[in-house]
Amino acid sequence: MKKWNKLTIFLIPIGIAVNAVGGQLALALKLPVFLDCIGTFVTAALCGIGPGLVVAVGTQLINAITTPTVLAYIEIGMLFAVESFFFAKWGIFKSLWKSALSGIGVALVAVCLAVPTTAFFLGGFAGTGATTIAAALMASGWDVLPATFVSEAVSEGTDKIVCLIIIFFVLKAIPDRLKVKLPNAAFFIKEMEE
Amino acid sequence: MAYIELKDVDYVYPLAKEPALKQVTASFERGKFYGVIGENAGGKTTLCNLLRGLIPHFYKGKLKGDVLIDGEDIRTLNMDVLSTQMGYIFQNPFTQISGVKNTVFEEIALGMENLGIPKEEMIEKVFSIAELLNIEHLLQNNPNALSGGQRQKVAFASVIAMDTDTFVIDEPTSQLDPDGTAGIFEIIHKLKEQGKTIVLVEHKIDLLAEYADEVLVLKKGELLAKGRTSEVLSDFTLTGQGVMIPHTVSFYQEFSARGHVFSKVPITKSECVSQLAGMIQGKKGEESV
Amino acid sequence: MDNRTFANQFLEPKRTGNFIKDLNPLSKLNIFLAFGLSALILGDYRYGFGMVVFLLAVAVLAGCLRSYLKVYWKILLFFGVFLFGMKAAFSPGEQILWQKWGIHISVESLHSALVLTSGVLAFCAAVIMFVQTTEWSDLTYALEQKGVSHVTSFVILSAFQSISDLGVNAKVIMESQKARGIETEGNVIRRIKAYIPVMGPLVLNAISSVEEKSIAMDARAFSAAGTHTYLLELPKVKGGEKALVAVVDILLVLSVVWRVAGWLILN
């Protein structure tokens, strides 16, 4: 961790906190989406894959304090960090509709990873709103795997589209004078000289 | 050789168009107390960042001219080493609390822990600093639950506790009441008496007038004046340039406009009082004749 | 407590007088993780539920039953009831006990529900027990003693503080948005619209504060080279504690062996 840019080190706890508080606020407002990975995306986009991974893992470890089962999904958050870095590199975060569309891709990959865990490990019980959909589908004769897949695809898809739209605006609003000091400045600022 | 030497320094922040410092030449001696004044956005904080090595190491940007600390070019100085020699305190008290300690006591000790100071010594130092700043009653409190003014004192204490040779202090009293401000100035004065070098950005001109050895005036990135406090603050050509004058000087102006003559412009309260006393004595003398 | 008494505490290794709480944080982490994992690995619901009860007793001994249950009851409800119900209702099985509306409860589904639920409950209990009996600053201190960088400690401790700071700020911003007439209740669109003006400034302010935070910590010799000293001191790990950790770890290994052997015999 020592080789990292100094600001990066101080951004990591903020990234974790943004994940946590973003999720709490979505719960408090009873939103049908989780919005609990904004910090991971923002950190990875600005500072790189490593710091993004630390934020993702840190967030899940902290969530595990009250809900240890989230540890079963830890790899998904880690994947967000990798995705976000490349989105930043490819300039996807420069456009609103590209960001929103990429949300669908992010959700699909996440669901493919999450479903086997939910279906086999937890018997279709994800412990979220998606569980009700899954239960209803299974009750109407669906198998556990497709039922889990459909229910999670619906909730994840909505969540990630909204998430990436918010992330687009956050990244856009961060002042250049701050971005310029972070490792991935060149992804966001054209007139980088040094 | 001067302790810190600036020669024709120009500095532009990254992505900025206007330079934040223009052709600044100044030198700083060890053991002196320097006040920095001037309009907002005049370059005061930039000067602090430069002395502290944050420019160019942290802020990057374009730095021209020479900045020498103990004869060494700031560009090649190690920031981490510099951080153990130069204490830095700035305006915002909220970002200066570490957020990783549960009590003010431990918060003040944090910098000393990083310097590797033995435990017993740390504890005694925390006590003496707390007494100095009058925050003994806060020692067992959570630093993350303090008011702005309390945090400012704790942040100040935390840096002072590290006992560096030099302190760069940027508006340490923004959140404090007059009593708190006077307290901070007394401590800065004590530090100076211990032989520390102090660079202080401060709006409260009356207090600077009391304590500072020299004053620097910055405007739009240029160094308008630098010299002995009494000279700079009695230079009336500067008053139009965003330099506030001490109460004693406006008092002096008012008096001389009415035809009373002081032997020199009083900068501190005690100077003012002694001159007035002299005048009153003189008048009494005349009357008795 | 007067300041002197308070400060003198730092001169002695920190002890609470409770055997469980005074274990080294890393020993505790090891022991509780081994407890939780062994329940998941063994897949025996008697062991799993036994562990849940055992950990309840540990909570009583550690004097933190109340705070433990405050977190754990949600897990009990969520996983003990819902996970169990879902698994029992939808897992495949031959010996059907009851079925209606697409729900099939069978001997097999009940068994698999018991196995899964007991494992998850025991694992969660162990993790929560660790958290309830350990202070984070003690854990990071123990990690630093093992050679982990103080940067890691900072990140961990600062994450917790930032969560609580941002949580407080979120409430403040939400209240002020309400005062300005922004609705935080009503239909979904309206609630999402309330989310953005709270989260936006919150995230941006937090990110912008990083710059000053870094400067401030630098001024506290955060990145200075050389060995650190600590106000905090934890008791030295004694032989008995080491033995305890070793025994628990051996039990964990045995549970793995047991499970693998059982699987090999079946196949």
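Points to keep in mind about this one:
- Taking Cβ atoms as reference points and 9 Å as the exclusive limit, the residues near B:F185 contribute a net charge of -2, counting Lys and Arg as +1 and Asp and Glu as -1.
- For chain B, adding -39500 (n - 2.57) for each run of n ≥ 4 DSSP H residues and dividing by the number of residues yields -12000 deg cm²/dmol at 222 nm.
- In the range B:36-182, inverting the average of 1/r over every pair of distinct C-alpha atoms gives 16.4 Å as the Kirkwood radius.
- Both radii are taken from the alpha-carbon atoms of the protein assembly as shown; with Rh as the Kirkwood radius, Rg/Rh is 1.06.
- At 0.890 mPa s and 25 °C, Stokes diffusion of the range B:246-289 via Kirkwood alpha-carbon radius, µm² per second: 227 µm²/s
- Nearest-ten-degree value, helix A:130-139 long axis tilted from longest Cα axis of chain A: 30 degrees
- Its DSSP H runs of at least 4 residues, each contributing -39,500 (n - 2.57), put the calculated 222 nm mean residue ellipticity of chain C at -23500 deg cm²/dmol, to the nearest 500.
- Taking Cβ atoms as reference points and 10 Å as the exclusive limit, the residues near A:V106 contribute a net charge of -2, counting Lys and Arg as +1 and Asp and Glu as -1.
- Cα centroid of the range B:94-158 to Cα centroid of the range C:195-267, whole Å: 25 Å
- Cα centroid separation - the range B:9-56 against the range C:49-69, whole Å: 60 Å
- Links that overshoot a 23 Å alpha carbon limit, given the list A:K172/B:K17; A:K179/B:K7; B:K7/B:K226; B:K44/B:K101; A:K179/B:K101; B:K125/C:K28: A:K179/B:K7; B:K44/B:K101; A:K179/B:K101; B:K125/C:K28
- Chain A: angle of helix A:74-89 to the longest principal axis, Cα-based, in degrees nearest 10: 40 degrees
- Excluding same-chain neighbours fewer than eight residues apart, the aspartates and glutamates reachable from B:K190 by a Cα-Cα span under 14 Å are B:E131, B:D163, B:D165, B:E210, B:D213.
- Ratio of the Cα radius of gyration of chain B to 2.2 N^0.38 Å, where N counts its residues: 1.11
- Normalised convex hull volume, the range B:98-163, alpha-carbon set, Å³ per residue: 72 Å³
- Nitroxide proxy distance, nm - points 7 Å out along Cα→Cβ at C:V247 and B:E39: 7.7 nm
- The distance from the alpha carbon centre of the range A:136-194 to that of the range C:14-28 is 42 Å, rounded to a whole number.
- Put simply, the Cα atoms of the range A:8-188 extend 56, 34, 28 Å along their principal axes, the longest span coming first.
- Taking a sphere under 15 Å around the Cβ of C:T117 and counting the other residues whose Cβ falls inside, with K and R at +1 and D and E at -1, yields a net charge of +1.
- Angle in degrees between helix B:119-133 and the longest Cα principal axis of chain B, rounded to the nearest 10: 30 degrees
- Exposed-site-free run, longest, chain C (rule: GluC sites (Glu not before Pro); DSSP loop; at most 13 other C-beta within 10 Å): C:1-93
- Working note: Cα gyration tensor of the range C:2-74, eigenvalues times five, square-rooted, sorted largest first, giving semi-axes of 32, 15, 9 Å.
- Cα-Cα pairs of chain C separated by more than 32 Å (percent): 49 percent
- Stretching the chain fully between C:L56 and C:F19 yields a gain of 11.7 nm (0.36 nm per residue, less the alpha carbon separation).
- Estimated 222 nm signal from helices in chain A, with DSSP H stretches of n ≥ 4 weighted -39500 (n - 2.57), rounded to 500: -23000 deg cm²/dmol
Since every read-out is calculated from the coordinates, none of them should be taken as a lab result. On a predicted model such as this, the values are computed, not experimentally measured, just so you know. FYI the Cβ positions are ideal-geometry reconstructions off the backbone, even for glycines, and counts take in every protein chain you see.
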